[in-house]
Amino acid sequence: MPEQTTDESTFTAGRPRHAEYVDNPVNAAMARVLDDVRREDHPGAVADYIPELAKADPEQFGIASVSVTGRSYGAGDYRTPFSIQSMSKPFVYALALQHLGADAVGERIGVEPSGEAFNAISFDQSGRPENPLINAGAIVSTSLTPGDDGAERFAHIQAGLSAFAGRDLEVDDAVYRSESGTAFRNLALAALAKSTDALRVPIEDALDPYIRQCSLLVDAHDVAVMGATLAYGGLNPITGVRVVDAAVARHTLSVMTGCGMYDRSGAWMCSVGIPAKSGVGGGIVAAAPGEYGIGVFSPPLDEAGNSARGVAVLQRLSSEFGLHLLNRPMTPVSAVESVSADPASGRVTLRVRGELDFVAVEQVVHEALSAGQAQSCTTMVLDLTDATRVSTVSAYLINQLAADIGYGVRLSITDPSGLLADPVR
Ligand code: DON
């Protein structure tokens, strides 16, 4: 190992140093971000409206990330258990979407930002909760998961959230009892949803599994795996299990983008730009599509009910690591791996690589048309051996290329994996 020249106290900050800090540069970079935020002043207070949550240690602070390729990183208290609270909401919504489809779920829950607090009375004109990430919406999503009563619904939710996390999640009984005994506002929200007909099961059969799901214990690593599963189109990158369809994952991430941070969702998208959801236990789950799931844990909450240090660490991580959703590469890696010409036979071969979405194929088509204009070219070979995926529009454009490639030029396609015959949307 190279000699460490950095001041080690920056990484350890008075707590046991995790072995991964020193032997992995990504962990070290995350630990540094964590320690920078720890030194700053981010005022917040531990939630106390559920008595059990008031016992949380405000100093705990951890972060974990999991890539869609299944690599895990962590720093600080990322293995400390805490209750998932409202971070359950997007995952339960995804289970409802998977069960009933977006149209049926959309009849009962909206997808608009409420611009209000998590426990606000936010119903639209047709009586639907504004979105599934506020309490009223989450109680209705819970009612739309499979099951004939509250116990069956909770069993399905527990299994589903465990599949997102890749391990069996358990309820923290003390948190469950504490919230059950004080859930008067949620009872009122459920009653309002019942009065508008958004809730069509007995109140208790939605409220009890809602409270239980909030009490499931996770750590920041679990949260990162759950986020990574959404970021990977519903496929858990650690276990390889498909939890929900890609369309469900995308719909869920869309709602997280607009509504995940309550009345701070707009500011969040400007400063962090990663679909996310917070919980009053101090957790934040963030999911950067096609890249990472991130889990953060720090109990003190800001005025909007989001983890104060959690927001700060994700702001810093997003800007330093370049994770903003709208940070698209200005010069995308070319999908054309090589162009080779054989003047003797008149063959020009274009080898293309990677995921052939519209942006990639637009480049391929452009290069194929210019190469096809060479006087010696009689056959254009499009070699898809190194391509991994072809979208429907790309398949259309490649087929169209045969007609447009030029007079007297034949297009020949090498496609050993049959990608063109089975394009993805
Ligand atoms: O409904 C409640 O009060 C909690 N079980 C969950 C609320 C929550 O986490 C809101 N998030 N910031």
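Observations
- Single unsatisfied condition, Gln60 versus (1) assigned to a loop (DSSP other than H, G, I, E, B); (2) in the same structural domain as Val171 (by TED's automatic domain parsing); (3) farther than 17 Å from Asp219 by Cβ; (4) away from the ligand (no atom under 16 Å from the Cβ): (3)
- Test: residue in the stretch 83-92 that is in the same structural domain as Arg128 (by TED's automatic domain parsing), open to solvent by 20 Å² or more (accessible area, probe 1.4 Å) and among the basic types (Lys, Arg): no
- Pick from the stretch 286-318, criterion among the β-branched types (Val, Ile, Thr) and within 15 Å of the ligand (Cβ to nearest atom), ranking: surrounded by the most Cβ atoms within 10 Å (Cβ to Cβ): Val296
- Within the stretch 63-83, being outside any strand (DSSP E or B) and in contact with a His (Cβ under 8 Å, 6 or more places away or on another chain) holds for Tyr78, Arg79.
- From Phe164, Phe184, residue being open to solvent by less than 10 Å² (accessible area, probe 1.4 Å) and aromatic (Phe, Trp, Tyr): Phe164
- Listing of helices (runs of 4 or more DSSP H) fully contained in the stretch 181-289 that carry 1 or more residues being modelled with pLDDT under 95 and of a type outside the set (Val, Ile, Thr): 246-259, 265-271
- Residue-level check: of (1) within 30 Å of Ala31 (Cα to Cα); (2) assigned to a loop (DSSP other than H, G, I, E, B), Lys89 misses just (2).
- Across the stretch 141-161, the number of residues qualifying as within 12 Å of Asp205 (Cβ to Cβ), surrounded by 20 or more Cβ atoms within 10 Å (Cβ to Cβ) and more than 12 Å from the ligand (Cβ to nearest atom) comes to 6.
- Per the listing Gly283, Gly279, Gly273, Gly260, the residue uniquely open to solvent by less than 10 Å² (accessible area, probe 1.4 Å), more than 15 Å from Gly166 (Cβ to Cβ), in contact with a His (Cβ under 7 Å, 6 or more places away or on another chain) and not hydroxyl-bearing (Ser, Thr, Tyr) is Gly273.
- Any hit, the stretch 121-135, residues being within 16 Å of the ligand (Cβ to nearest atom), in a helix (DSSP H, G or I) and under 22 Å from the mean Cα position of the chain (by Cα): yes
- Residue list for the stretch 261-285, filter: near the ligand (Cβ under 10 Å from one of its atoms) and small (Gly, Ala, Ser): Ser278, Gly279, Gly281, Gly282, Gly283
- The stretch 378-425, residues that are modelled with pLDDT under 95, closer than 13 Å to Leu356 by Cα and of a type in the set (D, E, K, R): Arg389, Asp422, Arg425
- Contacts under 9 angstrom Cβ, first residue in the stretch 137-152 being among the charged types (D, E, K, R), partner assigned to a loop (DSSP other than H, G, I, E, B) and open to solvent by 30 Å² or more (accessible area, probe 1.4 Å), 6 or more apart: Asp149/Pro202; Glu152/Pro146
The values are calculated or read from the model by the stated rules, or taken from the named source; none is laboratory data. Fair warning: this is a prediction, and the values are worked out from it, not measured in the lab. All Cβ positions, even for glycine, are placed from backbone atoms using ideal geometry, and neighbour counts span all protein chains on display. Ligands, DNA and RNA are excluded from the accessible area calculation, which covers all protein heavy atoms including side chains. Shrake-Rupley method; radii C 1.70, N 1.55, O 1.52, S 1.80 Å.
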